[in-house]
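Read through the structure below, which is laid out as structure tokens, and then see the notes.
The values are calculated or read from the model by the stated rules, or taken from the named source; none is laboratory data. As the structure is a computational prediction, the values presented were derived from the model and not from experiment. Neighbour counts run over all protein chains shown; Cβ positions are idealised from the backbone, glycine included.
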């Protein structure tokens, strides 16, 4: 059991008292015995003297009465003698007290086996002596009894006891009490204050009188002062974003907890704004992270300046900010605040001589309509923010249940997509590519299909955009590449020696490990690179960086041909057709559908002539009618692909179609007419 300071001091005091009183008790008992010995010795001396005098003066029993005066004087001179009696056997011959005329039984009264003088005085009624005398020639003996005055003996001993306890009991107790007061005042109380200061740190004790305790107090004050400063600094650091100086996610959560608790009691509404800078990654990639960090600092300062004193702003991610607005009287006032922030951020920033134009997208959720806790408010505002980006960026958007349902659907599909890869629910369909001159099948495009166990086939347009958005396209695209390469090898063994075109997403090509995975796949499948074609989109050329160029050159150097898919729908430019290693271009279906208009025809003919001039193969996709195919053949388009030739087919169906088509000479003749 642990003791506190007060209990410890009291324990020491009681131990000290115990030791002292043990010593004092021993001393008291010794003094009491000595006093009793003196009294007993006096009585024994008086008895010896009286016995001697009587022995000299008595010649016969009858003249014993002549000694009365002597015995009375002896009894009165000794305060401890109550009466003196002379006995002849059981007969009282003489007594100094008339009350004792009968013989006293001596056996219980004059016990000679007492151990100490004190016991003899307190346990005996009297003392016994012998008076010897001669009657003629005969020796006679008489008993001499001293009856003790117990009251006088007790008084004498009690007087000494009182003096003892006065000098050796009360005074030491008072001294110890004084010592306890001093210890408590100069040691106990200071130590208790130090304990409370160490535990609560509520107030700093004043300077102590004891040097060692003062040294401890001073050291504790310095230590706790430093720790308090460090704690405040750590508290600030834990709730402050180190780059922008704004509140961080921890501080945001604490603020929202208090705000939600207050708003739930008062039924108040507040707005939760999720602000994200548009295309901020481009700034980091193009100018460097040091420029991006300085831009973020400027943005943070601007947002803080625009907001009112009672508004709250926190930086919760790289270029993500959360703003909490409480006091607004109308939606017009709220949107004015948002527009003011967006307008201030849309200026041309100059960071280390670099002019930067940047915009922001804002998603808005309301408490309690759109969420009653931190997580739901953040999720819903994030959903609304991405909706603002989808609608062209530099906008703000309010959360709706429709958006929420779409996001939940996307989340469910995201999980299902990943499970589908583990459960082998994906399969590749192949759509033939036809040579416009010979009518032969010279290639096929691998197209992924998702065959679920419960919902049947899910179209690529439903899950491919989501896979590109969440990054799953990298893993899924690797699976497509492996399956298509192995399929080409399998067909080659069956005599179906055609090339296979594989769609490779921009995210795959930009992946840091793409080259390593690509070369490992070539080594694993042992496919003929000349029989593989990668179809890419024009989005890769948004940033015409050396890294992108090096990636395409690496692919081309390994023998894989590169086709530019959906040509004309994106960021078409003759400059990248010249700069990047492009082997063929694919005319998008939207232009093929427009072949029978003047402008459409001109556009198609221009693309075909440009491809021929640049020595590139031109492939028309989405060919669905005989008229389209005849026109494309007329203008010199080399290859076509579409439902007019064949829809995408599973492996077994494609193999059957290939054999039938290649053997159908009649159909080829009709194609050439």
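The table below gives the values:
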{"quantity": "Those residues of region 470-482 which are surrounded by fewer than 18 Cβ atoms within 10 Å (Cβ to Cβ) and part of a helix (DSSP H, G or I), in sequence order", "calculated": "470, 475, 479, 482"}
{"quantity": "Flag if residue 10 is exposed (fewer than 13 other Cβ atoms within 10 Å of the Cβ), under 60 Å from the mean Cα position of the chain (by Cα), part of a helix (DSSP H, G or I) and not assigned by TED's automatic domain parsing to the domain that holds residue 118", "calculated": "no"}
{"quantity": "Residue check, residue 196 part of a helix (DSSP H, G or I) and within 23 Å of the chain's Cα centre (by Cα)", "calculated": "no"}
{"quantity": "Test: residue in region 635-650 that is closer than 21 Å to residue 431 by Cβ and part of a helix (DSSP H, G or I)", "calculated": "no"}
{"quantity": "Residue tally, condition farther than 30 Å from residue 554 by Cβ and either part of a loop (DSSP other than H, G, I, E, B) or not assigned by TED's automatic domain parsing to the domain that holds residue 635 (or both), over region 581-607", "calculated": "5"}
{"quantity": "Contacts under 6 angstrom Cβ, first residue in region 43-54 being assigned by TED's automatic domain parsing to the domain that holds residue 117, partner surrounded by 13 or more Cβ atoms within 10 Å (Cβ to Cβ) and assigned to a helix (DSSP H, G or I), 6 or more apart", "calculated": "50/74; 54/67"}
{"quantity": "Test: residue in region 240-253 that is without any contact (Cβ under 8 Å) to a residue 12 or more places away in the chain and either exposed (fewer than 12 other Cβ atoms within 10 Å of the Cβ) or on the phi < 0 side of the Ramachandran plot (or both)", "calculated": "yes"}
{"quantity": "Looking only at region 457-469, and only at residues there that are in contact (Cβ under 8 Å) with a residue 24 or more places away in the chain and buried (at least 16 other Cβ atoms within 10 Å of the Cβ), the one that is farthest from the chain's Cα centre (by Cα)", "calculated": "463"}
{"quantity": "Region 290-315, residues that are modelled with pLDDT of 90 or more and under 30 Å from the mean Cα position of the chain (by Cα)", "calculated": "293, 296, 297, 300, 304, 311, 312, 313, 314, 315"}
{"quantity": "Tally, over region 347-358, of residues that are in a loop (DSSP other than H, G, I, E, B) and under 39 Å from the mean Cα position of the chain (by Cα)", "calculated": "1"}
{"quantity": "Residue, modelled with the lowest pLDDT, within region 624-661, restricted to residues that are farther than 21 Å from residue 594 by Cα and buried (at least 16 other Cβ atoms within 10 Å of the Cβ)", "calculated": "661"}
{"quantity": "Subset tally (residues that are more than 22 Å from residue 287 (Cβ to Cβ) and out of contact with any helix residue (DSSP H, G or I) (no Cβ under 8 Å at 6 or more places or on another chain)) for region 343-375", "calculated": "4"}
{"quantity": "Selected residue (only one of 59, 35 is in a loop (DSSP other than H, G, I, E, B) and over 20 Å from residue 128 (Cα atoms))", "calculated": "59"}
{"quantity": "Test result for residue 583, under 30 Å from residue 520 (Cα atoms) and modelled with pLDDT of 90 or more", "calculated": "yes"}
{"quantity": "Sole exception among (1) assigned to a helix (DSSP H, G or I); (2) surrounded by fewer than 16 Cβ atoms within 10 Å (Cβ to Cβ); (3) modelled with pLDDT of 90 or more; (4) not assigned by TED's automatic domain parsing to the domain that holds residue 636 for residue 419, by number", "calculated": "(4)"}
{"quantity": "Number of the condition not met by residue 326 [criteria: (1) farther than 23 Å from residue 401 by Cα; (2) in contact (Cβ under 8 Å) with a residue 24 or more places away in the chain; (3) surrounded by fewer than 17 Cβ atoms within 10 Å (Cβ to Cβ)]", "calculated": "(1)"}
{"quantity": "Filter pass, residue 53 being surrounded by 15 or more Cβ atoms within 10 Å (Cβ to Cβ) and farther than 24 Å from residue 157 by Cα", "calculated": "yes"}
{"quantity": "Subset of region 478-521 [modelled with pLDDT under 95, over 17 Å from residue 431 (Cα atoms) and touching a strand residue (DSSP E or B) at 6+ places or on another chain (Cβ under 9 Å)]", "calculated": "505, 506, 509"}
{"quantity": "Odd one out for residue 291, checked against (1) buried (at least 17 other Cβ atoms within 10 Å of the Cβ); (2) under 20 Å from residue 394 (Cβ atoms)", "calculated": "(2)"}
{"quantity": "Single condition residue 55 does not satisfy, out of (1) in contact with a strand residue (DSSP E or B) (Cβ under 8 Å, 6 or more places away or on another chain); (2) modelled with pLDDT of 85 or more", "calculated": "(2)"}
{"quantity": "Residue check, residue 22 over 30 Å from residue 196 (Cβ atoms), surrounded by 13 or more Cβ atoms within 10 Å (Cβ to Cβ) and modelled with pLDDT of 75 or more", "calculated": "no"}
{"quantity": "Unmet requirement for residue 605, which otherwise passes all of (1) crowded, with 16+ Cβ neighbours inside 10 Å; (2) modelled with pLDDT of 90 or more; (3) within 26 Å of residue 498 (Cα to Cα)", "calculated": "(3)"}
{"quantity": "Qualifying residues in region 359-392 (those that are assigned to a loop (DSSP other than H, G, I, E, B) and under 37 Å from the mean Cα position of the chain (by Cα)) - the one surrounded by the most Cβ atoms within 10 Å (Cβ to Cβ)", "calculated": "370"}
{"quantity": "Filter result (within 17 Å of residue 537 (Cβ to Cβ) and in contact with a helix residue (DSSP H, G or I) (Cβ under 6 Å, 6 or more places away or on another chain)) within region 482-503", "calculated": "502"}
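For (1) at pLDDT below 75; (2) over 28 Å from residue 34 (Cβ atoms); (3) under 60 Å from the mean Cα position of the chain (by Cα); (4) in a helix (DSSP H, G or I), each residue gets a yes or a no:
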{"site": "102", "(1), (2), (3), (4)": "yes, yes, no, no"}
{"site": "128", "(1), (2), (3), (4)": "no, no, no, no"}
{"site": "132", "(1), (2), (3), (4)": "no, yes, no, no"}
{"site": "139", "(1), (2), (3), (4)": "no, yes, no, no"}
{"site": "145", "(1), (2), (3), (4)": "no, no, no, no"}
{"site": "156", "(1), (2), (3), (4)": "no, no, no, yes"}
{"site": "166", "(1), (2), (3), (4)": "yes, no, no, yes"}
{"site": "176", "(1), (2), (3), (4)": "yes, no, yes, yes"}
